[in-house]
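What follows is a set of notes on a single structure, which appears directly below.
What follows is calculated from the coordinates using simple rules that are stated; it is not laboratory data. This structure is a prediction, so every number in the text was calculated from the model and none was measured. We place every Cβ from the backbone using ideal geometry, glycine too, and count neighbours over all the protein chains shown.
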Protein chains: 2
Amino acid sequence: MESLNIDFEKAGGLVPAIIQDHHNGDVLMLGFMNSVSLAETQRSGEVVFFSRSRNKLWKKGESSGHVLKVREVRVDCDADALLVRVEAVGPGVCHEGYRSCFFRSLASDGAAEIVEERTFAPESVYGAQQQEKKA
Amino acid sequence: MESLNIDFEKAGGLVPAIIQDHHNGDVLMLGFMNSVSLAETQRSGEVVFFSRSRNKLWKKGESSGHVLKVREVRVDCDADALLVRVEAVGPGVCHEGYRSCFFRSLASDGAAEIVEERTFAPESVYGAQQQEKKA
């Protein structure tokens, strides 16, 4: 057991945090965390990102109720990326109505094809503003 | 089907690229790509990152032979993160000798515990310089 300093400085105070479904291994989304959001994630047991576009902490699920309950936090060899294994509450994490934000496959010519089914109607959850758009 | 522009500008020309084992869903590592490395990844069918520390393209496996064969590239809702599903050649992707770079679990007090088994001796693959250290 070692005590570890996460390398927040490599990318301006933020590290990427991969969100993975604890049950089936699906990658649900990627967000960023600063030291405060990581501490709050660990303290509360629910994922809190740092929103780059809004420049503030962003509790995932604050408006939708689709919170991410933390089952395990992993850190990579260089301590500059996090893998957060979660129990995702609700039908999906994506503000566009999908279980995962990675619902499109990208061909080599740049064409993107939707390869997942919608699991909820985003307007019924987020309203017109889509307040919880990914940062 | 839509043609998609990846948003490289949000983070200075780079997007995070999550590498996931196509067979079992394990997250193996996270790297960064610029537009050239993404194009080269798609052209060659093997993962090419952009190394932030060396400031140049970095073909994963160039010294170790542990290349990552691309099975699918996915893009997220905001087009600012990639999920690359791969067939990983060799016993592991991590320069420290593990199958995944995320071999440590992080407790809330900052203690990191190794939770995976080593799958190869890194010095036998990388030599003393560890040339292929993650960027």
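Number of residues in the stretch A:14-59 that are without any contact (Cβ under 8 Å) to a residue 24 or more places away in the chain and either part of a loop (DSSP other than H, G, I, E, B) or more than 23 Å from B:E9 (Cα to Cα) (or both): the value is 11. Scanning the stretch B:7-43 for residues that are within 10 Å of another protein chain (Cβ to nearest Cβ), more than 16 Å from A:D80 (Cα to Cα) and surrounded by fewer than 20 Cβ atoms within 10 Å (Cβ to Cβ) yields B:K10, B:G12, B:D21, B:N24, B:G25, B:D26, B:A39, B:Q42, B:R43. Filtered by the rule that a residue be within 21 Å of A:T41 (Cα to Cα), more than 7 Å from every other protein chain (Cβ to nearest Cβ) and not in a loop (DSSP other than H, G, I, E, B), the stretch A:71-120 gives A:R71, A:L82, A:V84, A:R85, A:V86, A:E87, A:A88.
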